[in-house]
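The values are calculated or read from the model by the stated rules, or taken from the named source; none is laboratory data. Everything quoted here is computed from the prediction, not taken from an experiment. As a convention, Cβ positions derive from the backbone with ideal geometry for all residues, glycine included, and neighbour counts pool all protein chains shown. For the accessible areas, the whole protein counts, side chains as well, though only heavy atoms, and no ligand, DNA or RNA atoms are used. Shrake-Rupley method; radii C 1.70, N 1.55, O 1.52, S 1.80 Å.
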Amino acid sequence: MPEEQSQTTMAVDELQAIIQRCQILEESDFRGEDFNLFQVAGQKCLEDGYAAQLLEVIQNEKNKVIIKNMGWNLISPLVRCILAYKQEDDKQEHCLKILDQLVQLCNPKELFLGLLEQIEQTSGEQVCPTVMLLLQPLQTVLLKLQNKKAYSVGLSLAMIMNQLTPLPVPYTKQQIQEDKLGLCRCCNAVVDFAKPFVNEVVKNMEKSSEYNDMELKEELLKFCMKSLKYPLLTAQLEQLEGIEEHPFRHFATEIIDILQDIRELMPLVFIHHKGRRSYWENQEFEDIERKNSADSLACLSYLMFVQHFGINCFPMVFSPSYLLQCNMTHIEVLLNRTEESMLSKGLDLFESCLLRMEDNSLSHQYLEFRDFINVPQDLVKVMTLCPIEYLRKKSLNMLQLFIDKFDAEGKYTLFRCLLKTSNHAGVQGYIIQKIKDQIHLSLTKAHDNVWFTGHHLISLLDLVLFLPEGAETDLLQNSDRIMASLNLLRYLVIKDCESENQTGVWTILAKIEKNFLKPLHVGLNMSKAHYEAEIKNKRENRRDANNSNTVCSLTVSEEKMPAMTTEMQLQVSWQFLPSCSAVLNSFQSRDKWAGTVDKKIFVVIKIT
């Protein structure tokens, strides 16, 4: 006990000695050595657990000038101690009181830099605890600043968001409830931190409609844009059962409210395409800012049109087609991402816009806009490449919904575009089926549809009834497309009688025979011969294969799988070849029907 008391006395005595020496000096006479000695002695008191004694020194009125000039040096060890102590520990309470005293007594400019330095130096699991600890002191200091307040507020918000951004955003219900790193609580605390400065901007705008001091408003706008990109663009924002107040939904509401309060919500939604003034001379930096802005604006549209945040101030005077046009850029941005949260937001935003519209109401002229061509192509990429099943299915549904909204000429143009740009046989087969549906409607309606009959249809059939590589086309790889094409041709010959020839198919039968049916015949025969020879070869060499140690490597999704022995290869082949035969048999059944078409072609040629 005496030894402990001696150590306590020593730590406090060192601090008191420095204090007494500085008390007799004028403020202007403080030297760098004095600052260093004060910091070392104060840090030793904190680290040795003598925060109570340090607090007494700081609260002493005689030491006010010293603390004003030197106290900010204690911020770093003070933060470490507060985070190290448990919440119920008296030592932590003393440290918190010291922090409060420093905020009240220290030079605001120096303390501001000290607090910001602590936020900048933190990392990993300590980011959110450190930020939440220092938000209130930082806010108090900023409110005291007279010069460069807007710059300092912007620097603080930018520093905080930069530190939070590397943290993973909780996505599932369990992750949100656990909030392991404290990100959910921290984000909402940052909004509370910004509110006094939002109120200041609002107050100034209310005083004068020609409010010219735009610096603070611009800094708050930057903060909102960053918040839209992170964490809101990544976050799960659907209402979750069992969570009374979803932290990210609350955060989104607060961000929208800030934008509305500073009168930037509607301009961001509708005037963004005119572009904002760039602050960068470096083109690379400008491109990065543009991309970040695009992500933020896409998230903003999702919040408004899907989650309906801020919808109460939205003017209900815009047509559904105009709203779709405004959002197509955002939809394209989201569909070009690979993350589940962003793809789902893009599909939800697209669906929300399309459901506002009636079928056949969207003019073909909208396809002159680049986004209206790019988005369906992006949907095709999601349908064929995305590993998440429900997103693939929803992309297909959205493509169908998008097609349904166009007038006849729009559907026709979209079909041509997708047939030319898609290299996926399944997608091509799907589009051909939709062409068949439109032809059926044209033939069964009372009024003619010129886009799916006559010369327009003939031009479209040129893209449908052909083999990409002639007789050497891989029939299995292109089976979906070929089956759909044969089905369409069969429908046309049966449904549109030769005497009426509404579709014009009877006019081009010779061309179809040359470009499609004959190469298909040759391809079928080549395929049958190839697989029959393959099966025969496997049977003859099976004995040698069983005795061989040759191995085969296989790569799936860029991941190398364990090596395959020859026996394993044979097992796969025996499972694969019957499947090929089944497809070829299906082709053969179509081939028999094709013979009837050949006969009709012969009759037509003979008559002419």
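For the range 396-496, calculate the relative contact order in percent as a whole number, restricting contacts to Cα pairs under 8 Å that are 6 or more residues apart. Walk me through the numbers on the way to the answer.
On the way: 62 pairs, mean separation 34.3, N = 101.
Relative contact order here is 34 percent.
What is the Cα centroid distance between the range 484-536 and the range 350-378, reported in whole angstrom?
Here the two parts' Cα centres lie 33 Å apart.
With each label point set 7 Å from Cα along the Cα-Cβ vector, what nm distance links K109 and D89?
3.6
Calculate one ³J(HN,Hα) per residue across the range 358-364 by plugging θ = phi - 60° into the Karplus curve 6.51 cos²θ - 1.76 cosθ + 1.60, and present them in order as whole Hz with x for glycine and proline.
Computed from phi, the couplings for the range 358-364 are 8, 4, 6, 9, 8, 5, 4 Hz.
I'd like the carbon and sulfur percentage of the solvent accessible area for the range 326-385, probe radius 1.4 Å, heavy atoms only, ligands and nucleic acids excluded.
Numbers: 1130 of 2520 Å².
After summing per-atom areas, the C and S share lands at 45 percent.
Using per-residue counts of other Cβ atoms within 10 Å, averaged over each peptide, order 335-344, 66-75, 482-491 from highest down.
Values: 335-344: 17.4, 66-75: 23.2, 482-491: 20.5.
Taking the mean over residues of other Cβ atoms within 10 Å, the ranking is 66-75, 482-491, 335-344.
For the range 306-445, just say rounded, prolate or oblate: build the C-alpha gyration tensor, square-root its eigenvalues into a ≥ b ≥ c, call rounded for a/c under 1.5, and beyond that prolate if a/b exceeds b/c, oblate if not. Provide the component values of the computation, followed by the final result.
On the way: a/c = 1.97, a/b = 1.19, b/c = 1.66.
Cα axes put the range 306-445 in the oblate bin.
At F318 and Q433, where each label point lies 7 Å from the Cα along Cα→Cβ, what is the point-to-point distance in nanometres?
3.5
Please list the non-local residues whose amide H lies under 5 Å from the amide H of F406, H modeled 1.01 Å from N, same-chain partners needing a gap of 5 or more.
Residues meeting the criterion, in which the H sits 1.01 Å from N, are N360, L362.
Distance check, please: which entries in K97/K226; K436/K511; K226/K291 exceed 22 angstrom between their Cα atoms? Display every interim value, and only then the final one.
Numbers: K97/K226 33 Å; K436/K511 19 Å; K226/K291 12 Å.
In this structure, K97/K226 exceed 22 Å between Cα atoms.
Could you work out how far apart the two model spin labels at C497 and Q136 are, taking each label as a point 7 Å from the Cα in the direction of the beta carbon, and quote it in nm?
If labels sit at C497 and Q136, their model points lie 8.9 nm apart.
Which lysines does K44 reach when only Cα atoms under 17 Å apart count, and residues fewer than 8 places away in its own chain are ignored?
Straight-line reach from K44, under 17 Å: K91.
Residue separation times 0.36 nm, minus the C-alpha to C-alpha distance between R416 and N292: what's the value? Each step should come with its number before you reach the end.
On the way: separation 124, 0.36 × 124 = 44.64 nm, distance 3.37 nm.
Length difference between fully extended and current span is 41.3 nm.
State the extension gain, in nm to one decimal, for the chain segment bounded by E206 and K511, taking 0.36 nm per residue of separation less the distance between their alpha-carbons.
Details: separation 305, 0.36 × 305 = 109.80 nm, distance 7.41 nm.
This chain segment gains 102.4 nm when fully extended.
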